[in-house]
1. Could you please give the count of residues in segment 60-70 that are surrounded by fewer than 16 Cβ atoms within 10 Å (Cβ to Cβ) and modelled with pLDDT under 90?
2. So, R128, is that one in contact (Cβ under 8 Å) with a residue 24 or more places away in the chain, in a helix (DSSP H, G or I) and out of contact with any strand residue (DSSP E or B) (no Cβ under 8 Å at 6 or more places or on another chain) or not?
3. Please specify each residue of segment 7-30 satisfying the condition of being assigned to a strand (DSSP E or B) and surrounded by fewer than 13 Cβ atoms within 10 Å (Cβ to Cβ).
4. Could you grab the pairs with beta carbons closer than 7 Å, sequence gap of 6+ or different chains, first residue in segment 40-52 and over 16 Å from W71 (Cα atoms), second one among the acidic types (D, E) and at pLDDT 90 or above?
5. Being modelled with pLDDT under 95 and under 21 Å from R124 (Cβ atoms) narrows it down to one residue among N41, N85, N33; which is it?
6. Within segment 71-79, does at least one residue satisfy the condition of being modelled with pLDDT under 95 and farther than 24 Å from Q7 by Cβ?
7. May I ask you to list the residues in segment 134-176 that are of a type in the set (A, V, I, L, M, F, W, C) and assigned to a strand (DSSP E or B)?
Amino acid sequence: MQLRSAQFVTSATDLDGCPDPMIPEFAFIGRSNVGKSSLINRLTGQHGLAKVSATPGHTKTLNFYLINKDWHLVDLPGYGFAQKNLADRERFEAMIIEYLEQRESLIRVFVLIDSRLPMQKLDRDFVRWLIGADIDFALVFTKVDKTKPPVLRATRGEFEAIFRELGLSEPPMFETSSETGAGKTELLRFIAAEVASVVSEDEDDTNEKGPGSEDATA
């Protein structure tokens, strides 16, 4: 995929505030301080597109970016940051769950994992929730430039064990670095293939309806 354009569209706090679900969407989420904003900026080639903050929990809304004018990259609030206000934490969680479970244009969720650490309980629990909710996702291991290969293999292995235990195929996995650009090409190529697949399916549906179908207009 060649990125020709990337621009901020809007921020939303619920489904009503989201753009019309007319194009494919790919959501990025992870624990606070996993490097999500930095990775988004690396993927899009725009240094300041997603705001990078030293303060965990900076993202507090659903942020939509239009990529190549044909798909949305959605920056979701990080999970696991201890909000001072319990009501705020519950509101953020409800907002994320509503989006993930009900957004009809959502194609896949990219779960960002800090490759420097052993599998964290929050990441494990979130992955298990996605499996239970039957939501398509991929794992994106971040900061691989700061990780020794044996540590990265061990962290991946802990997640791979989850799928073996459940008798499931592993989801797509990517190893990335916002510093070096590692994994950028593979990740964008994967998204491009999924966008093309969605477009192809839509065209097939349109052709199947045809002039004689019930849905055809005179």
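1. Matching residues across segment 60-70 total 0.
2. Numbers: in contact (Cβ under 8 Å) with a residue 24 or more places away in the chain: yes; in a helix (DSSP H, G or I): yes; out of contact with any strand residue (DSSP E or B) (no Cβ under 8 Å at 6 or more places or on another chain): yes.
Yes; evaluated as a whole, the condition is true for this residue.
3. The first filter runs over segment 7-30 and keeps only residues assigned to a strand (DSSP E or B), leaving 7-12, 25-30.
Matches in segment 7-30: Q7 only.
4. Pairs found: A50/D75.
5. Values: N41 fails: under 21 Å from R124 (Cβ atoms); N85 fails: under 21 Å from R124 (Cβ atoms).
The conditions single out N33.
6. Yes, that holds for at least one residue.
7. Here is the first cut: in segment 134-176, the ones of a type in the set (A, V, I, L, M, F, W, C) are 135, 137-141, 144, 151-152, 154, 159, 161-163, 166, 168, 173-174.
If the condition is that a residue be of a type in the set (A, V, I, L, M, F, W, C) and assigned to a strand (DSSP E or B), then F137, A138, L139, V140, F141, M173, F174 are the ones that fit.
Conditions (1) under 14 Å from V140 (Cβ atoms); (2) surrounded by 13 or more Cβ atoms within 10 Å (Cβ to Cβ); (3) at pLDDT 95 or above, marked per residue:
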residue	(1), (2), (3)
I162	no, yes, yes
P172	yes, yes, yes
S177	yes, yes, yes
T185	yes, no, yes
E194	no, yes, yes
D205	no, no, no
P211	no, no, no
A216	no, no, no
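The values are calculated or read from the model by the stated rules, or taken from the named source; none is laboratory data. Computed from a predicted structure; not experimentally measured. Positions of Cβ are backbone-derived with ideal geometry, glycine not excepted, and every protein chain shown enters the neighbour counts.
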